[in-house]
Amino acid sequence: MSNIKMEDLVNYAKNYGFVFQGSEIYGGLANTWDYGPLGVELKNNLKKAWWKKFIQENKLNVGLDSSILLNPQAWIASGHVGGFNDPLTDCKSCKTRHRADKLIEDQTGVIADGWSNDKMMDYIKENDIVCPNCGKLDYTDIRQFNMMFKTSQGVVSETDIFLRPETAQGIFLDFKNVQRSARKKVPFGIGQIGKSFRNEITPGNFIFRTREFEQMELEFFCKPGTEMQWFNYWKNESHKFLLSLGLNDENIKLRDHETEQLSHYSNATTDIEYRFPWGFDELWGIASRTDYDLKQHQDHSKVSLLYLDPVTNEKYLPYVIEPSLGVERLFLAVLSEAYTIEDLGDGEDRINLRLAPSLAPYKVAVLPLIKKYHKELAEEMESYLSKFFTVTYDESGKIGKRYRRQDAIGTPFVLTVDDDSLKESKFTIRDRDTMEQVVLNKEELIPYLMEKLYY
């Protein structure tokens, strides 16, 4: 990981086609981002990696794709309508709005989760926590701000509904459907990837905190009394998954929530934090949610969500362990980790995006050594390789410059077509990180690349 500044990372992401500002030709819309040709590939690869690890390879878990719009009663039952709030305060001097808990955390490092409004305001005053925008210490009283986006259903706007602020509730509503149809026995998990929406008071740090985002969530149902065993299991599995993506363990730390910091539904929570360009911040939350959600939905819907143990004939509401990960935060962590500037000596350096090969937007780049002579075969090889991998083609400029372009976007292998390719069907493969080259026959290419690219 380089010591890249956030501003430089944003510029890099835009210049190379990872992330663009949303609605840019109209002056933009604050806190909206579009994922360009490279960004969408990286994002999809992260989602594929999560799905492979937590659903495909884990025999206990199955997938779901629940709707974004739920019956409004679901959000009343879950507590979101009445309690999905952030503490809001305004600077009286410059009118800037702030999350009170984040003001405290950003300026003192103290975690204010679970504090009352009065305790936060007293702490702000006692510690001279000034407005970061104007430097004044003059705030309005802290009030609670509900973060759910409200819209209407129907042509006459008769019914208020909400854009989901998390994917989890759709899983809880379908608990019995999935358990019955998939014939799953507790313990088992239901995972899904999908968009969520939160009207954040102070979004920022590029794509780290946005109002529209994607979540990768697993709700793991277990027998009461076993939840801490499974909590520790999923905490460990989540940590290992991050390491498998190439994140350095020195840039990762686990922070257990103190009792007073726990959400009302949780008896244990751990945040996996990553060292972003501005410092450590939450990447992944793992929570033991007890039976709160299933109980709430059972009580409000009047539909039994009890599980019948086929061995003991005992009926109970399962407890739930939830590892919840934001796609955009993982994207930013992986990009921050991979971005390096390497000194090659003699005053020359290169940008090298050291992504895990399986995450790279393009797995292989095909370059004709001399466009005039090698273009036709190079295009044939691009077509051939694209049946197996994401492939890009570049014929513009000197070969060294083209290598550097591929290094900068994380392409792990470059295939060069030269005279030997025309005469003997031999191709040079260059490794991004070592810059070493090997020569392979055409029939050796796919097995070689498959072995190198996928874990």
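The values are calculated or read from the model by the stated rules, or taken from the named source; none is laboratory data. Because the structure is predicted, anything quoted here is derived from the model rather than measured. So basically every Cβ, Gly included, is an ideal-geometry build from the backbone, and we count neighbours across all protein chains shown.
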Completion exercise
Flagged in the range 1-39 as of a type in the set (Val, Ile, Thr) and in contact (Cβ under 8 Å) with a residue 60 or more places away in the chain, in numbering order, are Ile4, Val10, Val19, Thr32
Exercise for the section: Starting from the range 68-82, keep only residues that are at negative phi, then list their pairs with residues that are of a type in the set (S, T, N, Q) whose Cβ atoms are within a distance under 7 Å, requiring at least 6 positions of separation or different chains. Expected result: Leu70/Gln169; Ala74/Gln169; Ala77/Gln296; Ser78/Gln169; Ser78/Gln296
Practice task
Output the residue which, of all residues in the range 85-111 that are within 25 Å of the chain's Cα centre (by Cα) and assigned to a strand (DSSP E or B), is modelled with the lowest pLDDT.
Solution key: Asn85
Practice task
Report yes if some residue within the range 251-258 is surrounded by 15 or more Cβ atoms within 10 Å (Cβ to Cβ), modelled with pLDDT under 95 and either within 26 Å of Ile201 (Cβ to Cβ) or out of contact with any His (no Cβ under 8 Å at 6 or more places or on another chain) (or both); otherwise report no.
Solution key: yes
Practice task
Could you list, in sequence order, all residues of the range 31-52 that are among the hydrophobic types (A, V, I, L, M, F, W, C) and either in contact with a helix residue (DSSP H, G or I) (Cβ under 7 Å, 6 or more places away or on another chain) or part of a helix (DSSP H, G or I) (or both)?
Solution key: Leu38, Val40, Leu42, Leu46, Ala49, Trp50, Trp51
Problem - Residue selected from the range 318-346 under the condition surrounded by fewer than 20 Cβ atoms within 10 Å (Cβ to Cβ) and not polar (S, T, N, Q), by the criterion nearest to Arg211 (Cα to Cα) - result: Ile341
Completion exercise
Cβ pairs under 9 Å, 6+ apart or interchain, first in the range 226-249 and at pLDDT 95 or above and part of a helix (DSSP H, G or I), second among the charged types (D, E, K, R) and surrounded by fewer than 16 Cβ atoms within 10 Å (Cβ to Cβ), ordered by first then second residue, are His239/Asp249; Leu242/Asp249; Leu243/Asp249
Completion exercise
With criteria (1) under 24 Å from Arg211 (Cα atoms); (2) in contact with a Leu (Cβ under 7 Å, 6 or more places away or on another chain), Asp113 comes up short on (2)
Exercise for the section: Find all pairs meeting these conditions: Cβ atoms under 8 angstrom apart; at least six residues apart or on different chains; first residue within the range 333-347 and touching a residue at least 12 places away in the same chain (Cβ under 8 Å) and closer than 11 Å to Tyr12 by Cβ; second residue β-branched (Val, Ile, Thr) and surrounded by fewer than 21 Cβ atoms within 10 Å (Cβ to Cβ). Expected result: Ser336/Ile4; Tyr339/Ile4; Tyr339/Ile351; Ile341/Ile351
Completion exercise
Within the range 33-84, residues at pLDDT 95 or above, among the β-branched types (Val, Ile, Thr) and surrounded by fewer than 18 Cβ atoms within 10 Å (Cβ to Cβ) come out as Val40, Val62, Ile68
Problem - Filter result for Lys452 (in a helix (DSSP H, G or I) and touching a residue at least 40 places away in the same chain (Cβ under 8 Å)) - result: yes
Problem - Residue within the range 133-150 that is in contact with a strand residue (DSSP E or B) (Cβ under 8 Å, 6 or more places away or on another chain) and free of Cβ contacts under 8 Å to residues at least 40 places away in the same chain present - result: yes
